[in-house]
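Participant: The structure's right below; bear with me while I get my questions together.
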Amino acid sequence: MHGEHHPLRAWPPTRYLDYEGVVPGTSMGPAIVMTDAGRAYLKPLAPDVNPHSLAIEYVCTRLAAWFGLPVLEHCILRLGASDTFSRPSGGMSQPGPAFCTRAVDAARWDGTPKTLARVVNKEDIARLVIFDTWIRNEDRYPPIDAAGAVQSQRGPNLGNVLLVRELPRAKRLRFVAMDFGHALVGGRELPNRALGIDADKCEWVYGLFPEFRRYVTAHLVDAAVERLNQLRESDVSDAASIPTEWNVPAAARTAMCDHLYLRARYLVDTIRARLQPLCFPQGTLPGC
Ligand SMILES: Nc1ncnc2c1ncn2[C@@H]1O[C@H](COP(=O)(O)OP(=O)(O)OP(=O)(O)O)[C@@H](O)[C@H]1O
Ligand SMILES: [Mg+2]
């Protein structure tokens, strides 16, 4: 047995060692595995996995880190010919690059304000809402229009508000931004052409749980917008270094990068005005 407390090497892993199980009831069904750098969660190439979702997950995780959000430690782990395991939906995982995150001791948010109050990095909530709006991620909280009306059939997904326990038995929790596989195209293939003005200039706000609103202050929104305003096209392109095995054509990669850059510019101009009536209708109070 590979002792989880004594990994053979420091993160990131270079080798898959054992399959331990699967996270039940999720769309991509990440595998829990042991690697030479300890336990990890893997989203591998598989018949039931859209490789473009792996690419979007990877690019968005890197952009989230660029944006200043806490993310899971992540890497691409290349699975060898014999590193395969069964998928919950039948079939086998395939060799090749898998999206890999280091296992953390965490639980999903229970949806209560009380648990949210224990989160030590509440200041990152505003940034996450702006990030989910940037990448149009319906897979945490569905988008809402200016009046606050929900615009999607998808319900809230508390499993995507992952709260990491700060210390053993500690009451302190830290949320990390994770699971972006449904962003941009809702789990479909990336198109080989521009995503279009409706996507670039979508006015809805994504990821804004009602319980999040009180933590989305004018001051925090301004700080996030200031960071977004620093985005260069090369930052997006750097984040989008996608393994060829994930089969994203060059035209689709270019269209995705162009969209992400254009949408960031659009949000720099508009997101404060969108969030104000929903989150801080009184305007900017001193110290808010
Ligand atoms: N690195 C990790 N450490 C601990 N738990 C993790 C880690 N990565 C994923 N998980 C757990 O596995 C669950 C599923 O992971 P994730 O949300 O990335 O997969 P998904 O299949 O894309 O989910 P969804 O059904 O929300 O689209 C998470 O909600 C979390 O509980
Ligand atoms: Mg999830």
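Participant: If you take the residues in the stretch 117-136 that are among the basic types (Lys, Arg) and touching a helix residue (DSSP H, G or I) at 6+ places or on another chain (Cβ under 8 Å), which one is surrounded by the fewest Cβ atoms within 10 Å (Cβ to Cβ)?
Facilitator: Looking at residues that are among the basic types (Lys, Arg) and touching a helix residue (DSSP H, G or I) at 6+ places or on another chain (Cβ under 8 Å), I get Lys122.
Participant: Specify the residue that is surrounded by the fewest Cβ atoms within 10 Å (Cβ to Cβ); the eligible residues are those in the stretch 137-175 that are within 16 Å of ligand 1 (Cβ to nearest atom) and polar (S, T, N, Q).
Facilitator: Only one residue fits best here, namely Gln153.
Participant: Moving to a separate point now. Could you please find all residues in the stretch 137-184 being under 18 Å from Val71 (Cα atoms) and more than 16 Å from ligand 2 (Cβ to nearest atom)?
Facilitator: Those that are under 18 Å from Val71 (Cα atoms) and more than 16 Å from ligand 2 (Cβ to nearest atom): Arg165, Glu166, Leu167, Arg172, Leu173, Arg174.
Participant: Considering only residues that are among the hydroxyl-bearing types (Ser, Thr, Tyr) and within 9 Å of ligand 1 (Cβ to nearest atom), which ones fall in the stretch 16-51?
Facilitator: Thr26, Ser27, Tyr41 - these are the residues of the stretch 16-51 that are among the hydroxyl-bearing types (Ser, Thr, Tyr) and within 9 Å of ligand 1 (Cβ to nearest atom).
Participant: Another question, if that's okay. Would you check if Asn192 is farther than 20 Å from Phe280 by Cβ and either without any contact (Cβ under 8 Å) to a residue 24 or more places away in the chain or surrounded by 21 or more Cβ atoms within 10 Å (Cβ to Cβ) (or both)?
Facilitator: Against the criterion (farther than 20 Å from Phe280 by Cβ and either without any contact (Cβ under 8 Å) to a residue 24 or more places away in the chain or surrounded by 21 or more Cβ atoms within 10 Å (Cβ to Cβ) (or both)), Asn192 does not qualify.
Participant: Give the number of residues within the stretch 9-26 that are surrounded by 15 or more Cβ atoms within 10 Å (Cβ to Cβ) and either touching a His at 6+ places or on another chain (Cβ under 8 Å) or of a type in the set (A, V, I, L, M) (or both).
Facilitator: Of the residues in that region, 2 qualify.
Participant: Taking the condition polar (S, T, N, Q), farther than 26 Å from Glu189 by Cα, buried (at least 19 other Cβ atoms within 10 Å of the Cβ) and outside the structural domain of Val248 (by TED's automatic domain parsing), does Thr61 pass?
Facilitator: Details: polar (S, T, N, Q): yes; farther than 26 Å from Glu189 by Cα: no; buried (at least 19 other Cβ atoms within 10 Å of the Cβ): yes; outside the structural domain of Val248 (by TED's automatic domain parsing): yes.
Taking the combined requirement at face value, the residue does not satisfy it.
Participant: Restricting attention to the stretch 176-227, and to residues there that are farther than 26 Å from Tyr41 by Cα and among the β-branched types (Val, Ile, Thr), which single residue is nearest to ligand 1 (Cβ to nearest atom)?
Facilitator: Only one residue tops the list, namely Val205.
Participant: So which residues in the stretch 190-215 are hydrophobic (A, V, I, L, M, F, W, C), over 14 Å from Leu260 (Cβ atoms) and in contact with a helix residue (DSSP H, G or I) (Cβ under 7 Å, 6 or more places away or on another chain), if there are any at all?
Facilitator: Correct list: Val205, Leu208, Phe212.
Participant: Among the residues of the stretch 21-40, is any under 30 Å from Arg227 (Cα atoms) and among the small types (Gly, Ala, Ser)?
Facilitator: If we filter the stretch 21-40 for residues that are under 30 Å from Arg227 (Cα atoms), which is where we start, we get none.
The answer is no, given that none of the residues of the stretch 21-40 is under 30 Å from Arg227 (Cα atoms) and among the small types (Gly, Ala, Ser).
Participant: Let me ask you something else. Given the conditions (1) over 27 Å from Thr254 (Cβ atoms); (2) modelled with pLDDT under 95, report the number of the one that Leu79 does not fulfil.
Facilitator: (2)
The values are calculated or read from the model by the stated rules, or taken from the named source; none is laboratory data. Fair warning: this is a prediction, and the values are worked out from it, not measured in the lab. A quick note on method: Cβ atoms are made from the backbone with ideal geometry, for glycine too, and the neighbour counts reach across all protein chains shown.
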